[in-house]
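Quick notes on the structure that follows.
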Amino acid sequence: MTYRLEFKRSAARELARLDRTVQVIVKEKLELLCANPSALAANVKRLTGTGLYRLRVGSYRVVFHKDDARIVVLVVRIGHRREVYAPR
């Protein structure tokens, strides 16, 4: 089952601000996550108290919501691990 990838506008801006090499790696990991969610099971963890998950990509984190009913992965936030969990 292949998931469709969607970004919140703020997450797309955060991705655009990253270095080009980091952008490529993050995009590759997200595509892999959508194609085969179990392939990155070791790097995906559910965030407590929310319906969100995080994907670990080196020192960066991708916070996303997985909607199994619509088969969508909605990227909510992307950033360095020291910044991504802090409230905006």
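Any read-out appearing in this document is the output of simple, stated calculations on the displayed coordinates, not a laboratory observation. Remember, it's a predicted structure, so these values are computed and weren't measured experimentally. Cβ placement follows ideal geometry from the backbone for every residue including glycine, while neighbour counts extend to all protein chains displayed.
So the values come out like this:
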item: Among [x] 16.5; [y] 18.0; [z] 13.0, the entry that matches Kirkwood radius over Cα pairs in Å as calculated here; result: [z]
item: Student exercise, the chain dipole from Lys, Arg, Asp, Glu Cβ charges, in Debye to nearest 20; result: 300 debye
item: Full-extension gain in nm, residue 88 to residue 19, via 0.36 nm per residue minus C-alpha separation; result: 22.7 nm
item: Amide H contacts under 5 Å for residue 7, placed H, 5+ residues apart; result: 75
item: Förster radius 30 Å - calculated FRET efficiency between residue 41 and residue 9 (Cβ-Cβ, nearest 0.05); result: 0.55
item: Of 42, 16, 69, the one that fluctuates the most in a GNM where the chain has Cα springs shorter than 10 Å; result: 69
item: Cleavage-rule hits, chymotrypsin sites (Phe, Trp or Tyr not before Pro), the chain, DSSP coil, Cβ neighbours within 10 Å at most 16; result: 85
